[in-house]
Amino acid sequence: MFEFWYFTQLAVAATATLLTLVLGLAKRSPNFFGLGSLALIELGLIVQLVISISVSLGGAEASHGQFEFFTYLAVALLIPVLAVFWALLERAYWSNFVLAVGAFTVLVMLVRMHTLWF
């Protein structure tokens, strides 16, 4: 896990959380910006998966458990997909709050993955 990529992912997840909260409070239906922000989170997590696998194959390991780190990463990869799926099925403004919870959950999981790695 690279520090630069970790902080980039945190910034994207925090921005997505705030954006989707604002869209929900404005009573907007899920739109390109809200859904796209979670797509950016997913893209970042996929890059994190590639980085983590390549670094692990190079001999580096998470200091508090490799299996637990990759389990967190696998679950974090599912959360944005499920939140976007829900938002596409339920096109009410409440879906923005589901997107916000999904983005915030990934943010918290990123912090935990950083703790596990270092």
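The values are calculated or read from the model by the stated rules, or taken from the named source; none is laboratory data. Everything numeric in this text was worked out from a predicted model, so none of it was measured. FYI the Cβ positions are ideal-geometry reconstructions off the backbone, even for glycines, and counts take in every protein chain you see.
Determine, yes or no, whether residue 18 is out of contact with any helix residue (DSSP H, G or I) (no Cβ under 7 Å at 6 or more places or on another chain) and closer than 20 Å to residue 114 by Cβ. Spelling it out, it is not the case that residue 18 is out of contact with any helix residue (DSSP H, G or I) (no Cβ under 7 Å at 6 or more places or on another chain) and closer than 20 Å to residue 114 by Cβ. Suppose the filter is farther than 16 Å from residue 112 by Cβ and of a type in the set (Asp, Glu); does residue 61 pass it? Judged against the criteria, residue 61 is a match. When residues in the range 71-118 are screened for being hydroxyl-bearing (Ser, Thr, Tyr) and within 12 Å of the chain's Cα centre (by Cα), 2 of them pass. Being among the small types (Gly, Ala, Ser), buried (at least 21 other Cβ atoms within 10 Å of the Cβ) and more than 21 Å from residue 8 (Cα to Cα), is that true of even one residue in the range 84-99? There is at least one residue in the range 84-99 that is among the small types (Gly, Ala, Ser), buried (at least 21 other Cβ atoms within 10 Å of the Cβ) and more than 21 Å from residue 8 (Cα to Cα). Could you check, for the range 18-31, whether at least one of its residues is in contact with a Ser or Thr (Cβ under 6 Å, 6 or more places away or on another chain), in a loop (DSSP other than H, G, I, E, B) and either closer than 15 Å to residue 80 by Cα or not hydroxyl-bearing (Ser, Thr, Tyr) (or both)? Yes, the range 18-31 contains a residue that is in contact with a Ser or Thr (Cβ under 6 Å, 6 or more places away or on another chain), in a loop (DSSP other than H, G, I, E, B) and either closer than 15 Å to residue 80 by Cα or not hydroxyl-bearing (Ser, Thr, Tyr) (or both). Checked against (1) under 28 Å from residue 3 (Cβ atoms); (2) more than 16 Å from the chain's Cα centre (by Cα), residue 40 passes all but a single condition, namely (2).
Checking each residue in the range 46-81 for being surrounded by 14 or more Cβ atoms within 10 Å (Cβ to Cβ) and not in a helix (DSSP H, G or I) picks out only 62. Among residues of the range 32-76 being more than 22 Å from residue 98 (Cβ to Cβ) and charged (D, E, K, R), the one that is modelled with the highest pLDDT is 68. Residues that are without any contact (Cβ under 8 Å) to a residue 24 or more places away in the chain and either under 16 Å from residue 45 (Cα atoms) or of a type in the set (Asp, Glu) (or both) within the range 93-118 comprise just one, 108.
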